[in-house]
Amino acid sequence: MSYRLLLLPVAVLLASIFTAAALTQSSQTVAPVVPAMPPAMPDDVKPIRVAGLGIRVSDLERSKKFYTEVLGLKVGAKVPAQGEPVEYLLGMTGDIRADTLIVIRKGEIKPGATEFGSLTLVVPNARKMAERVAAAGYPPARIVDGTNFVKDPDGYTIELYQRPAAPARQ
């Protein structure tokens, strides 16, 4: 008897087993897994506000100078409080409990890290602020009336958002 003749029934048997398994699996409908809704969040757990946005910068002091001297933010705190800082907490008033907006942290800038979107600052006159940033050595691609986009020393995009004027009352 030839080996081929012996292998033929084995091959047919294996094919029929796999076919039966596939048919059984496809005829069974699997219900999708739906995650349970979490319980209502109690007030003692619910977030109060967004405290800030953290970004890594390549030169902490250069970035601090840009955000404070060019954009006008104030240092609310440095971490650690004593010794060489590894981060600064910045805001409009310098009161970290009221308005910390940005945390700049000393660290390695990885490729693509600047592609997170943009940081938005509401300003009364975006053209004037963009001109100020350009005069400090960080010229944007273009300066327009209204909202402008500038880059910080590490290439992060900052949107200088100027709210539209309220419509005149008639």
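Could you tell me how many of the residues in segment 116-143 are touching a helix residue (DSSP H, G or I) at 6+ places or on another chain (Cβ under 7 Å), modelled with pLDDT of 90 or more and more than 25 Å from Ser58 (Cβ to Cβ)?
Residues that pass the stated criteria total 1.
Kindly indicate whether Leu60 is surrounded by 12 or more Cβ atoms within 10 Å (Cβ to Cβ), among the aliphatic types (A, V, I, L, M) and at pLDDT below 90.
Here the answer is no, as Leu60 does not meet what is asked.
Of the numbered conditions (1) surrounded by 15 or more Cβ atoms within 10 Å (Cβ to Cβ); (2) out of contact with any strand residue (DSSP E or B) (no Cβ under 6 Å at 6 or more places or on another chain), Gly76 fails exactly one; give the number of that condition.
It fails just one condition, (2).
Could you give me the residue pairs with C-beta distances under 7 Å whose first residue belongs to segment 122-135 and is within 15 Å of Glu159 (Cβ to Cβ), whose second residue is among the acidic types (Asp, Glu) and outside any helix (DSSP H, G or I) wherever it lies, and which are 6+ apart or on separate chains?
These pairs meet every condition: Arg127/Asp145.
The values are calculated or read from the model by the stated rules, or taken from the named source; none is laboratory data. This one's a predicted model, so the numbers in the text were calculated from it and none came from an experiment. Cβ sites come from the backbone with ideal geometry, for glycine too, and all protein chains shown count toward neighbours.
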